[in-house]
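Here's the structure, in structure tokens; my notes come after.
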Number of protein chains: 2
Amino acid sequence: MGSTTNQTFDEFLSTTRTISDLTAASSVLGWDQETYMPDGAAEERAEQIATLNALIHQMMTSDKAGKLVEELVSNGSAADLSEWQIAALREFSREREQAVKLPDEFVREMSKVTSLAQQSWKKARSKSDFSIFRDSLAKIIDIKRRHAQYLGYKENPYDALIDLYEPGMKVEQLRPVFERLQEGTARLLDKIDQSGADISDAVLFTDFDPSAQLSFAREVIKKLGFNFTDGRVDLSTHPFCASFGIRDVRLTTRVYRDDLRSCLFGLIHEAGHGMYEQGIDKAYSRTPLADGTSMGIHESQSLFWENMVGRSLEFWKWAYPSLQSQFPERLSDISADSFFRIVNVMKSSMIRVEADELTYNLHIILRFEIEDDLINGRMNVDDIPEAWNTKMEEYLGITPANDAEGCLQDVHWSFGGHGYFPSYSLGKLYAAMFYQAMLKDLPEHHKQIERGEFGDLLSWLREKVHRWGKAKSPAELTNEICGEPLSEGAFLTYIEKKINQVYYNQT
Amino acid sequence: MGSTTNQTFDEFLSTTRTISDLTAASSVLGWDQETYMPDGAAEERAEQIATLNALIHQMMTSDKAGKLVEELVSNGSAADLSEWQIAALREFSREREQAVKLPDEFVREMSKVTSLAQQSWKKARSKSDFSIFRDSLAKIIDIKRRHAQYLGYKENPYDALIDLYEPGMKVEQLRPVFERLQEGTARLLDKIDQSGADISDAVLFTDFDPSAQLSFAREVIKKLGFNFTDGRVDLSTHPFCASFGIRDVRLTTRVYRDDLRSCLFGLIHEAGHGMYEQGIDKAYSRTPLADGTSMGIHESQSLFWENMVGRSLEFWKWAYPSLQSQFPERLSDISADSFFRIVNVMKSSMIRVEADELTYNLHIILRFEIEDDLINGRMNVDDIPEAWNTKMEEYLGITPANDAEGCLQDVHWSFGGHGYFPSYSLGKLYAAMFYQAMLKDLPEHHKQIERGEFGDLLSWLREKVHRWGKAKSPAELTNEICGEPLSEGAFLTYIEKKINQVYYNQT
């Protein structure tokens, strides 16, 4: 490339490296806060993180950064850049433009309102009283509507918010997919009902030694391919995956003595996120490309490992003897085949995070519709509890007894995360689409899993998804891997097969 | 204070808060690196820390910060500032001036040379071959001599380097103190020799369960007063204390199965540093005053708790039954009184970090003299091994068998830490001076320790030393607490009393 462009791009990279290092530092402080930080440090830590984030915002929106981008783009010199360099420039510009569009005053207001709202949400949920959260939520909805205006949109202001988590995704594309997904789910729930099978998963909620659970889960993700030289596992109240660099990926999990699912499936889920981060091309280190390309694609990787692998019959044929030997008192009477059924029980329930693979999407569709109505001004904040309960009854056939197990159950609205929920179902749909494509490329897949061999699968995901980081958009990945845009078909096929296995004993 | 000054001081504070937050972030990254960071992350982490430190240096030396300081100082408006505000301004100016004096090019050169030198030192030490380290050390000595020139000095260039660790301290003040300390030490070594007592500490190097050692040490520092709500303890290869804020103080320790001293005395030592940090006036949080006032004063606090408390007869009368019950097989035949003697054996040895309270200072005086000669150009790098060995024989009566246990034993010279060593002995002298003053104020001290009551002692140190942070200089503290400047008298009195206890059975 031309030497002027070369020099300008180096300057650009030097800026993005500083931003990347500060972002990593902020993440380390956040991780420490959730894992090891002593309680007394809360206030000072909040200030430290705020300072780092303000500096990042400053650098992101600085004139200097703007000029570098402009020079690289407008002088036609982009032609001199390589493919990954163009992608890095595009990703940085996209994030920069979003940041520049928001007045400082608005950012401060949003930060203040959501900070207070999280406190009132906690109180409201603990007292199961929506009225405590009502005023905060009204303010947040007003702010999110203004947020959408600042960001700009063509058809639907909610598009602007979804775009923050899933770049390029629009309500218009999502709605018909979700409608068909909902119809398919209803049909499959009927099918489960008609099977007459009643599988009890009560054994999962008996008594399992926490340290044995954790060491089993660690062994599993090591076998799956999570790299412990470039990552580690710690405990926290809410499980998460944080990446401070391609070679420093931290997972957390929690262990409940009376719930065998939480630690194991939680850790496989986070390891799915973690293997995505670890698989990004190392040449992208400290550039705008060194991250997952969207929330939905990220979630597709965690769900792929958690569900397509970790809840498959083949997986349990391999893993069950080891689990059984850890907990002989609880599990000696249960076969691998039965255990596979037990961890795949599907039935309507109130709480999203506890929902099974099938009904989970109904929880998301409900939130998607309410968010769309709120952001478009078709629904008032006071109508939320009733709308929620009506939809629960209609979609899942159950009605929350109170707001704590209804519209107050999730933290997302309290931090202004409107537009975030769709990512979870997108993750499920992407995962199933990738799974379908993978089966064509790796016909031996099932047999490999049964032998505890995950190398080919991980290599396939690395090659197709991980290594690209943000260099390819969600739509590009989907089209290239599956030859088609987002759809619900692969998921419905996948889940029906599992229903046949679990509820109709078809193997 | 005047409203213009008020506003300028607020702007000044806002700058120092940002610097303080970035410094804390850099420390968190450093702590994580030594405790939990996966190996693969080393390279990315080095970049992140370098970026944070470069930003801190930039802000410290910025024209903006310079103008704020100038405005506050020169406009006579300092008269409008409160005492702590003046101190904060003074401390910031002092550090800023030191930073501004060094050309960027020089800072980069120093960083590069010392980074490479640490590798060659490691290799040289492991092969016990000074010639491997020789060229790096020659470069570093040249750099440190230039460093001293940039910083400026009146009489001795070595003063400029000592000042980096002990503000205001000079060779002229230190040399006579060290000479008298050396004479006194020689006299006391003779006295020990004449006692004819031969105390074996071999039991300390038998076999002690690591987790029992750690839990005992944790219990001890909790009793001493280390606040676990505002701090914690982790493991690392080299013990250290890091503070990310007054309410977030992290200690680390290490545990050797075959050395009972390392974990316990190491953790008491670090807790001494930690309680100093935790005791700083909370109003100083995120200001230039929120740190120990010097390396020497910091070390006085760690040594006070480690030696004056943790190696006292009263302490072991209280703590020994508990230690004994942890390790009955090893300790049931040994009394508290004997154990006190065992942990206070004094005899010449090769390695500084393993030296006893008395002979330790001779190791420091040796290094002080060699550094003084090197920085003043009176000694050549090639003469170091011989000078070292001659002094070891002269001061301690033993000669290193090789350079690994001689002049290659310490890491300090490889990172350019010339001027650092004197702090260790300063810590011993300050600690003894404070101890003498404390005994006058707390006549019940010995009885309290024997009952495991450390509250009055900690309150005394808080009041006299800790709460001031950097608001008082080492000289100010010494004069106010002891009514006299630095001297060796209190230490020699303290240690002779202990020798009488240990070697002459006087109680």
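Is it the case, given these coordinates, that B:Asp10 is acidic (Asp, Glu) and away from chain A (no Cβ under 14 Å)? Show your work before the answer.
Values: acidic (Asp, Glu): yes; away from chain A (no Cβ under 14 Å): yes.
Judged against the criteria, B:Asp10 is a match.
In the stretch A:279-288, is there at least one residue being more than 14 Å from every other protein chain (Cβ to nearest Cβ), closer than 21 Å to A:Tyr165 by Cα and surrounded by 16 or more Cβ atoms within 10 Å (Cβ to Cβ)?
yes
Could you count how many residues in the stretch A:223-241 are without any contact (Cβ under 8 Å) to a residue 60 or more places away in the chain and within 13 Å of chain B (Cβ to nearest Cβ)?
Matching residues across the stretch A:223-241 total 8.
Kindly indicate whether B:Trp31 is in a helix (DSSP H, G or I), more than 14 Å from chain A (Cβ to nearest Cβ) and of a type in the set (Phe, Trp, Tyr). Before the answer, list the steps.
Values: in a helix (DSSP H, G or I): yes; more than 14 Å from chain A (Cβ to nearest Cβ): no; of a type in the set (Phe, Trp, Tyr): yes.
The answer is no for B:Trp31.
Are there any helices (runs of 4 or more DSSP H) wholly within the stretch A:207-308 with 2 or more residues that are in contact with a strand residue (DSSP E or B) (Cβ under 8 Å, 6 or more places away or on another chain), and if so which? First the steps, then the outcome.
Details: elements: A:210-224, A:260-279, A:295-303.
It comes to A:210-224, A:260-279.
Return only the number of the condition from (1) more than 19 Å from the chain's Cα centre (by Cα); (2) more than 23 Å from B:Gly274 (Cα to Cα) that B:Gly416 does not satisfy.
Just one mismatch for B:Gly416, condition (1).
Within the bounds of the stretch A:205-216, is there any residue that is closer than 27 Å to A:Leu457 by Cβ and either within 14 Å of chain B (Cβ to nearest Cβ) or among the charged types (D, E, K, R) (or both)?
No, the stretch A:205-216 contains no residue that is closer than 27 Å to A:Leu457 by Cβ and either within 14 Å of chain B (Cβ to nearest Cβ) or among the charged types (D, E, K, R) (or both).
Conditions tested, residue by residue: (1) modelled with pLDDT under 95; (2) surrounded by fewer than 21 Cβ atoms within 10 Å (Cβ to Cβ).
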position	(1), (2)
A:Leu461	no, no
A:Pro474	no, no
A:Ile495	no, no
A:Tyr504	no, yes
A:Thr507	yes, yes
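With respect to B:Thr16, determine if the residue is within 30 Å of B:Thr252 (Cα to Cα), touching a Pro at 6+ places or on another chain (Cβ under 8 Å) and within 12 Å of chain A (Cβ to nearest Cβ). It would help to see each step written out before you state the result.
On the way: within 30 Å of B:Thr252 (Cα to Cα): yes; touching a Pro at 6+ places or on another chain (Cβ under 8 Å): yes; within 12 Å of chain A (Cβ to nearest Cβ): yes.
In short, yes.
For the stretch A:303-356, how many residues meet the condition of being within 27 Å of A:Gly274 (Cβ to Cβ) and among the basic types (Lys, Arg)?
3
So which of A:Leu426, A:Leu374, A:Leu366 is under 28 Å from A:Arg247 (Cα atoms), in contact with a helix residue (DSSP H, G or I) (Cβ under 6 Å, 6 or more places away or on another chain) and in a helix (DSSP H, G or I)?
Numbers: A:Leu374 fails: under 28 Å from A:Arg247 (Cα atoms); A:Leu366 fails: under 28 Å from A:Arg247 (Cα atoms).
A:Leu426 is the lone residue from the list that is under 28 Å from A:Arg247 (Cα atoms), in contact with a helix residue (DSSP H, G or I) (Cβ under 6 Å, 6 or more places away or on another chain) and in a helix (DSSP H, G or I).
Consider A:Asp190 carefully, then state whether it is surrounded by fewer than 17 Cβ atoms within 10 Å (Cβ to Cβ), out of contact with any Ser or Thr (no Cβ under 8 Å at 6 or more places or on another chain), at pLDDT 95 or above and not in a loop (DSSP other than H, G, I, E, B).
Details: surrounded by fewer than 17 Cβ atoms within 10 Å (Cβ to Cβ): yes; out of contact with any Ser or Thr (no Cβ under 8 Å at 6 or more places or on another chain): yes; at pLDDT 95 or above: yes; not in a loop (DSSP other than H, G, I, E, B): yes.
So A:Asp190 fits the description; yes.
Only one residue in B:Val249, B:Val255 is under 27 Å from B:Tyr320 (Cα atoms), β-branched (Val, Ile, Thr) and at pLDDT 95 or above. Which one? If you could, list the steps in order and put the result at the bottom.
On the way: B:Val249 fails: under 27 Å from B:Tyr320 (Cα atoms).
The unique qualifying residue is B:Val255.
Please identify the pairs in which a residue from the stretch A:389-401 that is more than 15 Å from A:Thr359 (Cα to Cα) and outside any helix (DSSP H, G or I) has its Cβ atom under 9 Å from the Cβ atom of a residue that is acidic (Asp, Glu) and at pLDDT 95 or above, counting only partners at least 6 apart or on another chain.
Short answer, once both residue conditions are applied: none.
I need the full set of residues from the stretch B:421-443 which are within 29 Å of B:Asp159 (Cα to Cα) and not aromatic (Phe, Trp, Tyr), in order please.
At the first step, the residues of the stretch B:421-443 found to be within 29 Å of B:Asp159 (Cα to Cα) are B:421-437.
Answer for the stretch B:421-443, where residues must be within 29 Å of B:Asp159 (Cα to Cα) and not aromatic (Phe, Trp, Tyr): B:Pro422, B:Ser423, B:Ser425, B:Leu426, B:Gly427, B:Lys428, B:Leu429, B:Ala431, B:Ala432, B:Met433, B:Gln436, B:Ala437.
Residues that are within 14 Å of chain A (Cβ to nearest Cβ) and either more than 25 Å from the chain's Cα centre (by Cα) or surrounded by 15 or more Cβ atoms within 10 Å (Cβ to Cβ) (or both): find the helices (runs of 4 or more DSSP H) completely inside the stretch B:39-126 holding 2 or more of those.
On the way: elements: B:42-61, B:63-74, B:83-101.
In the stretch B:39-126, the matching helices (runs of 4 or more DSSP H) lie at B:42-61.
With B:Gly296, B:Gly292, B:Gly272 as the choices, which residue is under 20 Å from B:Tyr430 (Cβ atoms), away from chain A (no Cβ under 14 Å) and touching a Pro at 6+ places or on another chain (Cβ under 8 Å)? Walk me through it before giving the result.
Numbers: B:Gly292 fails: touching a Pro at 6+ places or on another chain (Cβ under 8 Å); B:Gly272 fails: touching a Pro at 6+ places or on another chain (Cβ under 8 Å).
On inspection, the qualifying residue turns out to be B:Gly296.
Which of the residues belonging to the stretch B:338-381 are acidic (Asp, Glu), at pLDDT 95 or above and either within 22 Å of the chain's Cα centre (by Cα) or farther than 16 Å from B:Arg145 by Cβ (or both)?
Correct list: B:Asp356, B:Glu357, B:Glu369, B:Glu371, B:Asp372.
The values are calculated or read from the model by the stated rules, or taken from the named source; none is laboratory data. All values reported here derive from a predicted model rather than from experimental measurement. When we count neighbours, we look across all protein chains shown, and the Cβ atoms used for this are built from the backbone with ideal geometry, even at glycine.
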